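Enquirer: Pasting in a structure now, in structure tokens, and then I'll have a few things to ask.
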Amino acid sequence: MTWRLGDLTVNRVGFGAMRLPQRGTAFDPRAEPRGRDQAVEVLRTAVELGVNHIDTAAFYFSATRSANELINSALSPYPEDLVIVTKVGPGRTPSGEWLPLATPRQLRGQVEENLRQLGRDHLDVVNLRISGLDDLSAHFEALALLRQEGLVRHLGLSNVRPHHLDQAQRIDEVVCVQNSYGLGHHPEQDDFLGVCGERGIAFVPFFALAGANQEAGTSAEDDVVTDIARDRHVTPAQVRLAWTLARGPHVLVIPGTGDPRHLRENVEAGSLDLTPEELTRLDAAHLNGG
């Protein structure tokens, strides 16, 4: 199962690096730092298992760890087929406090920061992640210029709505849209997912496992997932990932973990074929969960 991000081919099950710097999210100052050796092991194991799409950002860091620098340490020199996708727009102070969204002129500095941390001379894909911005044209134009200079190979969007995609496509090619989405999580994104498919653009959910840590049985959605997982002898997380992948051939997943066992389970979810009856039940739970 593969998809193309521009001229780059990736396996549809990728890896999200947000959880590498520490346990929990990279944004919780109370979270326990993750051991460097374990983080490096997870990254190398991911590549050994066939993962060739890693999602990261310079703002994924804890007090002692940086996701980008861990990726550099673990995987450089990089495999030829490895695609590293980064995000720009948001920024954090060294102490972890969030900064206002970068201005178009500040995006060059963020791209260069990712280049330094990753040890690359260009970035494979850069997603413009926005928040509270109705018109992203000026920001996307700034990234398009960096692409023309060769610092960036392809461009994508994150945390956007359909009209943002229209704005960006008037400026340059968009190879992916990365939004919060999963089973029972933001079902209003279903139409946007379809639009991306019609335009040949990858739809890459983050938080595709949203709700997977809830106590089983707390909602109809969880009940259905738990029942199918038990019948198929797989984990609820694998059912959620398999359902997400079944939404369309252009849908990619980037589950993140610092646990080698969970990593293997996530990759194996790519070969889990849900039956039409199971998909119908999950689709109904998805809409009810929303």
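Enquirer: If you take the residues of the range 36-56 that are buried (at least 19 other Cβ atoms within 10 Å of the Cβ) and not aliphatic (A, V, I, L, M), which of them is farthest from residue 126 (Cα to Cα)? Before the answer, list the steps.
Expert: Within the range 36-56, the first condition is being buried (at least 19 other Cβ atoms within 10 Å of the Cβ), and the residues that meet it are 39, 42-43, 46, 51-56.
With not aliphatic (A, V, I, L, M) added as a condition, the list becomes 52-53, 55-56.
Working: 52: 16, 53: 13, 55: 10, 56: 10 Å.
Taking the candidates together, the pick is 52.
Enquirer: Taking the condition surrounded by fewer than 12 Cβ atoms within 10 Å (Cβ to Cβ) and assigned to a helix (DSSP H, G or I), does residue 106 pass? Lay out the reasoning, then the answer.
Expert: Values: surrounded by fewer than 12 Cβ atoms within 10 Å (Cβ to Cβ): no; assigned to a helix (DSSP H, G or I): yes.
Spelling it out, it is not the case that residue 106 is surrounded by fewer than 12 Cβ atoms within 10 Å (Cβ to Cβ) and assigned to a helix (DSSP H, G or I).
Enquirer: Then there's this: If I ask for residues that are in contact (Cβ under 8 Å) with a residue 12 or more places away in the chain and either outside any loop (DSSP other than H, G, I, E, B) or of a type in the set (S, T, N, Q) (or both), which ones from the range 263-282 would you list?
Expert: Residues of the range 263-282 in contact (Cβ under 8 Å) with a residue 12 or more places away in the chain: 263-270, 272-274, 278-279, 281-282.
Across the range 263-282, the qualifying residues are 263, 264, 265, 266, 267, 268, 269, 270, 278, 279, 281, 282.
Enquirer: When residue 101 is evaluated against the numbered criteria (1) aliphatic (A, V, I, L, M); (2) in a loop (DSSP other than H, G, I, E, B); (3) touching a helix residue (DSSP H, G or I) at 6+ places or on another chain (Cβ under 7 Å), which criterion, by number, is the only one it fails?
Expert: (3)
Residue-by-condition table, conditions (1) free of Cβ contacts under 8 Å to residues at least 40 places away in the same chain; (2) surrounded by fewer than 16 Cβ atoms within 10 Å (Cβ to Cβ):
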{"position": "153", "(1), (2)": "no, no"}
{"position": "184", "(1), (2)": "no, no"}
{"position": "188", "(1), (2)": "no, yes"}
{"position": "193", "(1), (2)": "no, no"}
{"position": "196", "(1), (2)": "no, no"}
{"position": "239", "(1), (2)": "no, no"}
{"position": "246", "(1), (2)": "yes, no"}
{"position": "252", "(1), (2)": "no, no"}
{"position": "261", "(1), (2)": "yes, yes"}
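Enquirer: Against the conditions (1) within 27 Å of residue 207 (Cβ to Cβ); (2) surrounded by 15 or more Cβ atoms within 10 Å (Cβ to Cβ); (3) in contact with a Pro (Cβ under 8 Å, 6 or more places away or on another chain), where does residue 131 fall short? Just the number, please.
Expert: The number of the failed condition is (2).
Enquirer: Now, a different point. Does the range 44-64 contain any residue that is at positive phi, of a type outside the set (A, V, I, L, M), touching a helix residue (DSSP H, G or I) at 6+ places or on another chain (Cβ under 9 Å) and assigned to a loop (DSSP other than H, G, I, E, B)?
Expert: Within the range 44-64, one or more residues are at positive phi, of a type outside the set (A, V, I, L, M), touching a helix residue (DSSP H, G or I) at 6+ places or on another chain (Cβ under 9 Å) and assigned to a loop (DSSP other than H, G, I, E, B).
Enquirer: How many residues does the range 11-48 hold that are among the aliphatic types (A, V, I, L, M) and touching a Leu at 6+ places or on another chain (Cβ under 7 Å)? Spell out the reasoning first.
Expert: Taking the range 11-48 and keeping what is among the aliphatic types (A, V, I, L, M), we get 13, 17-18, 20, 26, 31, 39-40, 42-43, 46-47.
When the remaining residues are screened for being touching a Leu at 6+ places or on another chain (Cβ under 7 Å), the result is 20, 39-40, 42-43, 46-47.
Of the residues in that region, 7 qualify.
Enquirer: Filter the range 85-94 down to the residues that are of a type in the set (Ser, Thr, Tyr) and buried (at least 21 other Cβ atoms within 10 Å of the Cβ) and list them by number.
Expert: Across the range 85-94, the qualifying residue is only 86.
Residues checked against (1) buried (at least 16 other Cβ atoms within 10 Å of the Cβ); (2) closer than 30 Å to residue 95 by Cβ; (3) in contact with a Leu (Cβ under 8 Å, 6 or more places away or on another chain); (4) not polar (S, T, N, Q):
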position: 58; (1), (2), (3), (4): yes, yes, no, yes
position: 64; (1), (2), (3), (4): no, yes, no, no
position: 70; (1), (2), (3), (4): yes, yes, yes, yes
position: 75; (1), (2), (3), (4): yes, yes, yes, yes
position: 83; (1), (2), (3), (4): yes, no, yes, yes
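Enquirer: Same structure again: Among the residues of the range 29-50, which ones are small (Gly, Ala, Ser) and either without any contact (Cβ under 8 Å) to a residue 24 or more places away in the chain or under 17 Å from residue 84 (Cβ atoms) (or both)? Please lay out each step first, then the result.
Expert: Taking the range 29-50 and keeping what is small (Gly, Ala, Ser), we get 31, 35, 39, 46, 50.
Selection gives 35, 39, 46, 50.
Enquirer: Let me ask you something else. Out of 19, 34, which single residue is over 21 Å from residue 270 (Cβ atoms), among the basic types (Lys, Arg) and modelled with pLDDT under 95? Steps first, answer last, please.
Expert: Details: 19 fails: over 21 Å from residue 270 (Cβ atoms).
Exactly one of 19, 34 is over 21 Å from residue 270 (Cβ atoms), among the basic types (Lys, Arg) and modelled with pLDDT under 95, namely 34.
Enquirer: Then there is this: For residue 142, which of the numbered conditions (1) touching a helix residue (DSSP H, G or I) at 6+ places or on another chain (Cβ under 7 Å); (2) free of Cβ contacts under 8 Å to residues at least 24 places away in the same chain fails to hold?
Expert: (2)
Enquirer: Please indicate, with yes or no, whether at least one residue in the range 230-238 is in contact with a strand residue (DSSP E or B) (Cβ under 9 Å, 6 or more places away or on another chain), within 25 Å of residue 177 (Cα to Cα) and of a type in the set (A, V, I, L, M, F, W, C).
Expert: no
The values are calculated or read from the model by the stated rules, or taken from the named source; none is laboratory data. Everything numeric here is computed off the predicted structure, so don't read it as measured data. Glycine also receives a Cβ, built like all others from the backbone with ideal geometry; neighbour counts cover every protein chain displayed.
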